[in-house]
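Take a look at the structure set out below.
The values are calculated or read from the model by the stated rules, or taken from the named source; none is laboratory data. All of these numbers come straight from a predicted model, not from anything done at the bench. Methodologically, a virtual Cβ is constructed for each residue, glycine included, from the backbone with ideal geometry; neighbour enumeration extends over all protein chains shown. For the accessible areas, the whole protein counts, side chains as well, though only heavy atoms, and no ligand, DNA or RNA atoms are used. Shrake-Rupley method; radii C 1.70, N 1.55, O 1.52, S 1.80 Å.
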Amino acid sequence: MKTILSEIKNFKRLTKLVESDDKEVKVALIGDSLTNFLRSGDFVNMPDLIDDDMTIDKLLMRLSKQDVKPEIDHIFVSIGVNDKFKNKKTIPFLVDALDNIFPNAEINIIKGIVDEDYF
């Protein structure tokens, strides 16, 4: 059985992404309390989009106040720890908002429901 620490190590390995044109890759991590375990100097700092109590609805509200960030190449979004995806109807709106704010980024969602049964 995998542990949460091994999953976090695998995730951190994934963030060491290399692009084919040798440019510096900009990776951002946003979302809920799971981001506390994943913080590193490798990520672009976006404090307005990180919150221990982040829900899908709260992230949508905060994204609506952001400027477009075309310089971000990869975005990792941790959601689900607090709201456990109870309001699934808002997920398509979240995807659209992420696409609008990060138009050049590959978007990766981390399903952040972490407990003893998750892994």
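Taking the full set of protein chains and a 1.4 angstrom probe, give the accessible area of LYS84 in square angstrom, rounded to the nearest 10.
Accessible area of LYS84: about 100 Å².
Rounded, prolate or oblate: pick one for segment 56-102, where a ≥ b ≥ c are the square roots of the eigenvalues of its C-alpha gyration tensor, a/c under 1.5 means rounded, and failing that, prolate if a/b is larger than b/c, else oblate.
Verdict is prolate for segment 56-102.
Evaluate the distance, in nm, between pseudo-label points positioned 7 Å from the Cα of ASP42 and of LYS88 along their respective Cα→Cβ axes.
The answer from the label model is 3.2 nm.
Taking amide H atoms as placed 1.01 Å from N in the peptide plane, list the residues 5 or more away in sequence, or in a different chain, whose amide H sits under 5 Å from that of ILE109.
VAL77
Separation between the VAL95 and GLU71 pseudo-spin-labels, each 7 Å from Cα along Cα→Cβ, expressed in nm?
2.9
Just to check, using Stokes-Einstein with a Kirkwood Rh over alpha carbon pairs, what's the diffusion coefficient of segment 30-115 at 4 °C and 1.567 mPa s in µm²/s? Walk me through the numbers before you get to the answer.
Details: Rh = 12.9 Å.
It comes out at roughly 100 µm²/s.
List, in order, the whole-Hz ³J(HN,Hα) value for each residue of segment 65-71 obtained from phi through the Karplus relation with A = 6.51, B = -1.76, C = 1.60 and θ = phi - 60°; use x for Gly and Pro.
9, 8, 7, 5, 10, x, 6
How much length, in nm to one decimal, is gained on full extension between ILE109 and SER64, taken as 0.36 nm per residue of separation minus their Cα-Cα distance? Don't skip to the answer; put the middle values down first.
Working: separation 45, 0.36 × 45 = 16.20 nm, distance 1.85 nm.
Between ILE109 and SER64, full extension yields 14.3 nm more.
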